[in-house]
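Could you have a look at this structure, given as structure tokens, before my questions?
Every number in this text was worked out from the coordinates using simple rules, so none of it is lab data. This is a predicted model, so every value here is computed, not measured. All Cβ positions, glycine included, derive from the backbone under ideal geometry; neighbour counts span all protein chains shown.
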Amino acid sequence: MSEIANYFSENIGKILSTFFTAMTPIGELRAAIPLGLGVYKLDIYSTIIFSIIGNFIPAIIIVYALEPISKFLMKRFKIFDRFFTWLFDRTRKKYYKKFEKYSGFALATFVGIPLPVTGAWTGATIAFVFGIPPKKAILDIFLGILMAAAIVTIIFKTVGYVKFITG
């Protein structure tokens, strides 16, 4: 037990930095895993676990907060009412049939592909716009985060830190 305590006391700053990097909308896992493994030399398990948790927390907040926030804004400001009505009508009419057919797979895959503008933040926003129930969205986003963590870790471990960051 003392080994675990020593590990955390020696690495708490590195772990928290990795965790909070995973929470950022641009970096997410794509930045947190290379940071933890390459810069801080954390072990693979701590890096992956804290990156996944850090990436998942904002997604949960976004999935559960966007609807009440949008309803609040729509009730109080006519411009938001027009914007959200336009957004929902346009998006759901234009893309919903395609998205409905593959919704869970599509959302998990979108979150799981570690490219710019994909990830948990965008996936949570997409779930809101398409009206995916929060519990389903959370599961699909979590599966996508697991997929992204695996992909980023494999790529990082295969090509290394410098090549991963510089391309």
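Output the 0 to 90 degree angle, nearest 10, between the alpha-carbon long axis of helix 2-23 and the longest principal axis computed from the alpha carbons of the chain.
40
Along the charge dipole of the stretch 18-148, Cβ charges K/R +1 and D/E -1, which of 61, 33, 18 sits furthest on the positive end?
Of the candidates, 61 comes out farthest on the positive side.
Helix-only mean residue ellipticity at 222 nm, the chain, DSSP H runs n ≥ 4 weighted -39,500 (n - 2.57), per residue, nearest 500. What is it?
Working: 7 runs with 139 residues, N = 167.
After summing the helix terms and dividing by the residues of the chain, the value is -28500 deg cm²/dmol.
Just rank 85, 109, fewest to most, by other beta-carbon atoms within 10 angstrom.
Numbers: 85 11, 109 16.
Lowest count first: 85, 109.
For a quick check of your reading of the filter: which trypsin sites (Lys or Arg not before Pro) in the stretch 5-80 sit in a DSSP loop and have no more than 12 other Cβ atoms within 10 Å? Mind dumping the intermediate values first?
Numbers: sites: 14, 30, 41, 71, 75, 76, 78; in loops: 41.
Of the trypsin sites (Lys or Arg not before Pro), the ones in loops of the stretch 5-80 whose Cβ has at most 12 other Cβ atoms within 10 Å are 41.
Would you mind computing the Rg to Rh ratio of the chain from its alpha-carbon coordinates, Kirkwood style for Rh?
Values: Rg = 18.2 Å, Rh = 17.1 Å.
So for the chain, dividing Rg by the Kirkwood Rh gives 1.07.
For labels at residue 91 and residue 60 in the simple 7 Å Cα→Cβ model, what's the distance in nm?
2.3
With +1 assigned to the C-beta of every Lys and Arg and -1 to the C-beta of every Asp and Glu, and no other charges, what is the dipole magnitude of the chain about the Cα centre in debye, to the nearest 20?
Rounded to the nearest 20 debye, it is 980 debye.
For the Cα atoms of the chain, what angle does the longest principal axis make with the long axis of helix 134-159, in degrees from 0 to 90, nearest 10?
That helix lies at roughly 40 degrees to the long axis.
Okay, moving on. What is the angle, in °, between the Cα long axis of helix 78-112 and the longest principal axis of the Cα atoms in the chain? Nearest 10 is fine, range 0 to 90.
Relative to the chain, helix 78-112 is tipped by roughly 50 degrees.
Using Cα positions and a limit of under 17 Å, work out the aspartates and glutamates in reach of residue 136, with same-chain residues fewer than 8 apart set aside.
Here the aspartates and glutamates satisfying the reach criterion relative to residue 136 are 67, 100.
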